[in-house]
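The values are calculated or read from the model by the stated rules, or taken from the named source; none is laboratory data. All of these numbers come straight from a predicted model, not from anything done at the bench. Here the Cβ positions follow ideal geometry from the backbone for every residue, glycine too, while neighbour counts run over all protein chains shown. Protein only, heavy atoms only, side chains kept; ligands, DNA and RNA dropped before computing areas. Shrake-Rupley method; radii C 1.70, N 1.55, O 1.52, S 1.80 Å.
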Amino acid sequence: DYKVTGVQTCALPIWCIVAFVIYDVVLYNVFHLASQKWGPYMETNAVFYSATQIAAGKSLLVDFNAQYGLFGWILNPLFKIIGLTTANFTLVMGLLNGLSYLLIYLGIRKIIKLDVLALITFLCVVFWQYWRSRVPIDDTSTAEFYYQYWPVRLLFPSFTFFLLVSYLCAGQ
């Protein structure tokens, strides 16, 4: 236990909950395409296609099929080391998602000093931004593995958010 502005808090259970949520986000992204049913909600190909084209040595942005290809140039050295398979691709995407949400939590934690309130805020962000569309809640909904948003469009904004908050809170 330690004190933050006169309020008794316990950081270890909070960090365990945050670690569990981030672990869940990472694992929820890792799958084998053979075990998934293809359908209108399976949007993996738009991102995976670009990574496979780069690994094959093809040019990107020549046609419109590779619109998500530029992130693949950043990840290409990693895939040259570990190999580009469906399992490795989804594992890397899951780890980048986990990193994105960790940066969001650390930024929230710098702004909100009360551990419980920072945790509640983080859980609300994860629920409304991630779990709401990724986890099927009823029989009519389907899980959306939409890598175009998570992590392709989330990683750099979460990193920027963390850096901005760190800069603004540096003197406090």
| task | Can you tell me how much longer the chain between residue 45 and residue 17 gets when fully stretched, taken as 0.36 nm per residue apart minus their C-alpha distance, in nm with one decimal? | result | 6.9 nm
| note | For residue 160 and residue 73, extending 7 Å from Cα along the Cα-Cβ vector and measuring point to point gives, in nm, a value of 1.9
| Say R0 is 41 Å: what FRET efficiency, to the nearest 0.05, do residue 114 and residue 62 get from their beta-carbon distance? | 0.20
| Based on the mean of other beta carbon atoms within 10 Å per residue, what is the order of 81-88, 156-163, 105-112, most packed first? | 105-112, 156-163, 81-88
| message | Not counting ligands, DNA or RNA, and with a 1.4 Å probe, what is residue 169's accessible surface area in Å² rounded to the nearest 10? | response | 30
